[in-house]
Amino acid sequence: MSLHALTTQQPESVPPWLTTQLSTAAGQGPAAQLLQFAKLASPQEALAVGLIDRIVPTPQLLPAAEAAMADLLKLPDWGRQITKKRLYDDFGLAWEEQAEAEAVEAWAMLETPTVTKALGGVLARLQGKAKQLAKL
């Protein structure tokens with residue numbers, strides 16, 4: 001596909017890699033619901049569909065992450081490496097093949113008036129919060 005064709009067609013709102021990874025992790029039904037309705041999953045919903053392993057209260061987050069990492073590091077290096085390779089090689093190759101097209105599509109989406117206006121609003125709110133924090 002030519003660069004001109006990519007820049008003149010309707011931009012995608014969901015990158016192909018996210019569709020693939022989310023449907024692999026959560027299943028097609030939950031992925032479709034989350035992506036088609038631009039829904040953010042609550043921690044309970046993410047746990048129910050397998051996107052996360054468990055819910056940890058904020059004060060316990062770092063110790064829980066360190067414990068999970070310590071458990072992973074008990075496994076032999078070669079076992080972790082071959083598992084990751086088998087799980088993610090095809091994904092990495094596919095992502096690499098479509099990375100340029102994704103960048104063009106993402107830029108086309110980011111420069112639409114609707115998205116530009118929304119991002120401007122987010123930046124204005126963040127600047128307001130920064131000014132409030134600076135006064136403290």
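Just so you know, all these numbers are worked out from the coordinates, no wet-lab data involved. Just so it is clear, the model here is predicted, and its values are computed rather than measured. Reconstructed Cβ throughout: ideal geometry from the backbone, glycine too, with neighbour counts over all protein chains shown.
Odds and ends about this structure:
- In order along region 116-125, the Karplus-derived 3J(HN,Hα) couplings, from 6.51 cos²θ - 1.76 cosθ + 1.60 at θ = phi - 60°, round to 4, 5, 5, 5, x, x, 4, 4, 5, 5 Hz, and Gly and Pro are given as x.
- By average C-beta atoms within 10 angstrom, highest first, the peptides 63-74, 99-110: 99-110, 63-74
- Low-density loop cleavage sites - chymotrypsin sites (Phe, Trp or Tyr not before Pro) in region 37-95, where at most 14 other Cβ are within 10 Å (DSSP): 37
- Additional length obtainable on full extension of the chain from residue 45 to residue 93, 0.36 nm per residue less Cα span: 14.3 nm
- Taken one residue at a time, the phi angles of region 94-99 give Karplus couplings (6.51, -1.76, 1.60, θ = phi - 60°) of 5, 5, 4, 5, 10, 4 Hz. Gly and Pro are set to x.
- Residue by residue, region 19-29 carries 3J(HN,Hα) couplings of 4, 5, 5, 5, 5, 5, 6, 9, x, 5, x Hz when phi is fed to the Karplus relation 6.51 cos²θ - 1.76 cosθ + 1.60 (θ = phi - 60°); x denotes Gly or Pro.
- Residue-averaged [θ]222 nm for the chain, counting only DSSP H segments that reach four residues, each worth -39500 (n - 2.57): -24500 deg cm²/dmol
- Using a cutoff of 8 angstrom between alpha carbon atoms and counting only pairs six or more residues apart, the relative contact order for the chain works out to 35 percent.
- Selected from 44, 33, 76, residue furthest toward positive end of dipole (the chain; charges at beta carbon): 44
- Computed from point charges on the beta carbon alone (+1 for Lys and Arg, -1 for Asp and Glu), the dipole magnitude for the chain about its Cα centre is near 780 Debye.
- Shape analysis of the chain places it in the oblate category; the axes a ≥ b ≥ c from the Cα gyration tensor give an a/c of at least 1.5, with a/b not above b/c.
- Theoretical gain in end-to-end length, residue 136 to residue 73 [0.36 nm per residue, Cα-Cα removed]: 18.4 nm
- A simple charge model with +1 on the Cβ of Lys and Arg, -1 on the Cβ of Asp and Glu and nothing else charged puts the dipole of region 76-136 at about 800 debye relative to its Cα centre.
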